[in-house]
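Student: I'd like to ask some things about the structure below.
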Amino acid sequence: MHRSRIIGCGAYLPERIMTNHELARMVETSHEWIVSRTGICQRHIAAEDECTSDLALKAAQAAMDDAGITADDIDLIVLATTTPDQTFPATATQVQAKLNMTRGAAFDVQAVCAGFLYALAIADNFLTAGQAETVLVIGSETYSRILDWQDRRTCILFGDGAGAVMLRRADGNGNSNDRGVLSTHLHSDGRLHDLLYVDGGPSSTQTAGHVRMAGREVFRHAVIKLTEAVEEALEANDLTAKDIDWLVPHQANKRIIDGMARKLGLAPEQVVLTIDRHANTSAASIPLALCEAVRDGRIKPGHLILMEAIGGGLSWGSSLVRW
Ligand code: COA
């Protein structure tokens, strides 16, 4: 049986850092309020001339270097983003061009903060079906462009950044000791649209629009739905929470993440946290966190990693990966 193995990862964060103190000069908020409700201390903001594809390219190049892969080796680029450079073509094709990649295919996936898990699931299916050998999965966002900087309920939460993983088809035995993606589980419920959305778009308003959110309701759904998705992933692999080495969650709110870790009986040291420095980078948050924990040596071959995410749609999911 085939498995999709992650053979490299990369990350990129724009240079400019915006602290909570700086935000407190723009809207009525405080560093203390933001930290106590979310765990966020700062976020990175893309430069004026930096687009989602520029961030994605840098993360992709780092992942390629890490994996020892050139553009000629890549069959497919799947890029998760909610903040594409343009309405069309896909930002993934911009990255493809910037990499001088002249073969294969590239497309975008739109599942907001669950985007990376959706992209990973698509890549995993291409690889295990034998339709690709090597797939580059990227999560890249410039959320700063779709925030209402007068709305303190939303502008404090998000940041810009990109993360990427390189996947390659490998052989496996079909059990949970295999190295690679063990499972992906995806869900969405479009009836919950109004809880988290952007109030613009090419077909409705012909503007890009701004993020709108019913924070408390999203919080409530996040706790319930993420718990279900995690249970589903463990059950599907005949594993229990005790088997998990690392929780690499979507970084939306430290209180949601802490709650999940408590429920799973994980020690705080087993949770990869970047929200304090990156804030919520939507589709980029999981690969950014993953890459950090791989680079600093926390995640080692054989470790079991649990990933989970929820975002607009609502869309959510989970994945178990044996590193
Ligand atoms: N600074 C200061 N006060 C703020 C504020 C800010 N940045 N944002 C909201 N407030 C105020 C509200 O106006 C409200 O005041 P009121 O009681 O006088 O009306 C009060 O704080 C409580 O607001 P509420 O929205 O109920 O706060 P909360 O404890 O739910 O925290 C979130 C708000 C957004 C941090 C929290 O709901 C959350 O994280 N939700 C999940 C969001 C999420 O994860 N989204 C992304 C999913 S991908």
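The values are calculated or read from the model by the stated rules, or taken from the named source; none is laboratory data. If you're wondering where the values come from, they're calculated on a predicted model, not measured in any experiment. Counting neighbours? That spans all protein chains shown, and the Cβs are built from the backbone with ideal geometry, glycine included. These accessible areas exclude ligands, DNA and RNA; they are computed on the full protein's heavy atoms, side chains included. Shrake-Rupley method; radii C 1.70, N 1.55, O 1.52, S 1.80 Å.
Student: Going by what's in this entry, would Gly115 be described as in the same structural domain as Arg43 (by TED's automatic domain parsing), more than 13 Å from the ligand (Cβ to nearest atom), within 20 Å of Ala60 (Cβ to Cβ) and buried (at least 19 other Cβ atoms within 10 Å of the Cβ)?
Tutor: no
Student: When you scan segment 37-68, how many residues do you find that are under 15 Å from the mean Cα position of the chain (by Cα) and either assigned by TED's automatic domain parsing to the domain that holds Thr274 or open to solvent by 20 Å² or more (accessible area, probe 1.4 Å) (or both)?
Tutor: Residues meeting the conditions: 0.
Student: Something else about it: Among the numbered conditions (1) assigned by TED's automatic domain parsing to the domain that holds Leu55; (2) among the aliphatic types (A, V, I, L, M); (3) in contact with an Asp or Glu (Cβ under 9 Å, 6 or more places away or on another chain), tell me where Leu157 comes up short.
Tutor: With respect to (1) assigned by TED's automatic domain parsing to the domain that holds Leu55; (2) among the aliphatic types (A, V, I, L, M); (3) in contact with an Asp or Glu (Cβ under 9 Å, 6 or more places away or on another chain), Leu157 is out only on (3).
Student: Can you tell me how many residues within segment 120-139 are away from the ligand (no atom under 16 Å from the Cβ) and either open to solvent by less than 10 Å² (accessible area, probe 1.4 Å) or not assigned by TED's automatic domain parsing to the domain that holds Asp72 (or both)?
Tutor: Within segment 120-139, residues that are away from the ligand (no atom under 16 Å from the Cβ) and either open to solvent by less than 10 Å² (accessible area, probe 1.4 Å) or not assigned by TED's automatic domain parsing to the domain that holds Asp72 (or both) number 10.
Student: Continuing with this model, one more query. Would you check if Thr142 is under 27 Å from Ile17 (Cα atoms), under 16 Å from the mean Cα position of the chain (by Cα) and among the hydroxyl-bearing types (Ser, Thr, Tyr)?
Tutor: Yes; evaluated as a whole, the condition is true for this residue.
Student: So, one more: Return yes when Gln94 is open to solvent by 50 Å² or more (accessible area, probe 1.4 Å) and under 14 Å from the mean Cα position of the chain (by Cα) and no when it is not.
Tutor: no
Student: Tally time: how many residues in segment 276-293 are surrounded by 24 or more Cβ atoms within 10 Å (Cβ to Cβ) and in a helix (DSSP H, G or I)?
Tutor: Residues meeting the conditions: 11.
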